[in-house]
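The values are calculated or read from the model by the stated rules, or taken from the named source; none is laboratory data. All values derive from a computational prediction rather than experimental measurement. Cβ placement follows ideal geometry from the backbone for every residue including glycine, while neighbour counts extend to all protein chains displayed. Remember, those area values only see protein heavy atoms, side chains included, never the ligands or the DNA or RNA. Shrake-Rupley method; radii C 1.70, N 1.55, O 1.52, S 1.80 Å.
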Amino acid sequence: MVPGRAAPAHRPAPSPPPADLAARLRQEREEALLLQQQHGLVAPGHSAAPLRLHISDAIRDISDGVVELEEAVRDRLGLPRPRRAPVPERLKRIASLLDGIAADPVLAAHVRDETRRMARRCARALGDTETVVRMPGRCPWCDSVSLRAFPDRGAVLCINPACRCPEPDCGCHDDPAYRHTWDEGEWKAAAR
């Protein structure tokens with residue numbers, strides 16, 4: 001340890017600020033305001049970065065959902081508790097268990113519902129909206145005029161909540177939010 005000084009070291013007196021400092025600061029503020037008004041730009045250092053809580057909440061919700069889903073899957077399949085890992089690795093581990101998940105209908109429905117919930121949450125946070133096109137004609141199952149096409153997915157579905165297809169293993173029978181979906185090839189064959 002080095003002993004401190006009893007008296008402060010001699011420091012030179014601070015130099016006086018430039019005479020035109022106030023005028024320069026005022027001019028910088030005016031230029032920053034003008035940039036913001038004209039172009040929506042903000043001069044660096046003049047404001048904090050925007051904090052979008054809905055994005056951070058969505059990331060946390062989806063991350064927690066993936067962790068809980070993996071733990072639930074492994075518990076239901078009788079596997080040991082998973083080790084810690086980032087979300088992408090956890091998703092790969094869940095994907096590697098899909099054969100076991102498919103063998104248990106209750107677990108498969110839970111995984112389907114949770115992955116859909118997380119996908120919807122992610123899409124809302126990102127502002128993704130898919131174009132929906134009203135289709136002419138009637139649904140072959142319920143005879144309503146509620147057919148919609150989703151060009152990005154290449155799919156057609158009936159949005160009637162009461163619509164049920166004749167396929168017993170289709171999700172429209174056990175999940176009220178699920179709608180029977182035809183891909184483009186199936187729809188062209190069904191529409192004939």
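Answer with yes or no whether ARG84 is surrounded by 14 or more Cβ atoms within 10 Å (Cβ to Cβ), over 24 Å from TYR178 (Cα atoms) and free of Cβ contacts under 8 Å to residues at least 40 places away in the same chain. So ARG84 does not fit the description; no. In region 139-192, the residue that is most open to solvent (accessible area, probe 1.4 Å) out of those that are in a loop (DSSP other than H, G, I, E, B), touching a residue at least 40 places away in the same chain (Cβ under 8 Å) and farther than 18 Å from ALA119 by Cβ is ASP174. Of note, ARG120 does not satisfy the criterion of being part of a helix (DSSP H, G or I) and either open to solvent by less than 90 Å² (accessible area, probe 1.4 Å) or over 25 Å from ASP174 (Cα atoms) (or both).
A residue that is at pLDDT 85 or above, out of contact with any strand residue (DSSP E or B) (no Cβ under 8 Å at 6 or more places or on another chain) and under 17 Å from ASP175 (Cβ atoms) occurs nowhere in region 88-95.
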